[in-house]
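In what follows, a single structure is set out as structure tokens and then discussed.
The values are calculated or read from the model by the stated rules, or taken from the named source; none is laboratory data. All values reported here derive from a predicted model rather than from experimental measurement. Here the Cβ positions follow ideal geometry from the backbone for every residue, glycine too, while neighbour counts run over all protein chains shown. The protein model used for the area step is the full one, side chains on, heavy atoms only, and it has no ligands, DNA or RNA in it. Shrake-Rupley method; radii C 1.70, N 1.55, O 1.52, S 1.80 Å.
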Amino acid sequence: MPTAQEIKDIIERNRAEIYKKDYTFFEVDTFVKCVGYVEKESASCNECRALLSDMAEIAERYPQMLNSGSKGRVEFQEHISQYESHLKDAHGYRRKGVYMPLYTMAGLAVGALAGWISGFYLISMASGMILGYIIGSALDRKTSRSGKTL
């Protein structure tokens with residue numbers, strides 16, 4: 001089973017074979033982060049151990065995938081999504097800033113409903129939105145501090 005450092009070295013070695021903008025656009029840096037997180041969780045997770053060998057294969061092939069056209073690019077993005085999904089579902093990892101917009105919109109909806117009931121529409125909407133923003137930001141900070149941010 002390859003280590004995360006070996007996979008990261010392969011990714012870095014192959015980086016020159018793709019366009020600089022493609023590295024950012026196709027979130028190769030997210031792939032690198034996922035490699036580290038999967039290795040960290042592989043001590044207690046069989047699926048993570050299997051994903052590590054898959055990641056090593058993708059690290060070798062990713063320049064050809066990104067340079068080959070839409071089919072290879074879609075395949076690369078599907079692999080990244082698979083890794084992220086496993087980390088989210090099985091280990092509780094989240095992307096940065098996922099809670100704040102979600103809770104802000106939920107607070108806005110609850111505030112609108114409360115405003116419709118009470119008659120203080122604008123005040124209730126603003127209060128609900130602010131409260132949702134505060135709660136969502138707190139959850140994002142908590143996730144970031146726990147080291148489970150993708």
(request) Could you identify the single residue in Lys33, Lys21, Lys71 that is closer than 20 Å to Leu150 by Cβ and open to solvent by 20 Å² or more (accessible area, probe 1.4 Å)? (result) Lys33
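Quick test for you: out of Arg141, Arg95, Arg145, pick the one residue that is touching a strand residue (DSSP E or B) at 6+ places or on another chain (Cβ under 8 Å) and modelled with pLDDT under 95.
Numbers: Arg141 fails: touching a strand residue (DSSP E or B) at 6+ places or on another chain (Cβ under 8 Å); Arg145 fails: touching a strand residue (DSSP E or B) at 6+ places or on another chain (Cβ under 8 Å).
Testing whether each residue is touching a strand residue (DSSP E or B) at 6+ places or on another chain (Cβ under 8 Å) and modelled with pLDDT under 95 leaves just Arg95.
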(request) Would you be able to say whether some residue in segment 126-145 is of a type outside the set (Gly, Ala, Ser), touching a Ser or Thr at 6+ places or on another chain (Cβ under 7 Å) and closer than 30 Å to Ser42 by Cα? (result) yes
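For segment 1-14, give me each residue that is closer than 15 Å to Val32 by Cβ, in contact (Cβ under 8 Å) with a residue 24 or more places away in the chain and open to solvent by 80 Å² or more (accessible area, probe 1.4 Å).
Step one: of segment 1-14, the residues closer than 15 Å to Val32 by Cβ are 2-14.
Within this subset, residues satisfying the condition of being in contact (Cβ under 8 Å) with a residue 24 or more places away in the chain are 2-4, 6-8, 10-11, 14.
Of everything in segment 1-14, just one residue is closer than 15 Å to Val32 by Cβ, in contact (Cβ under 8 Å) with a residue 24 or more places away in the chain and open to solvent by 80 Å² or more (accessible area, probe 1.4 Å), namely Glu6.
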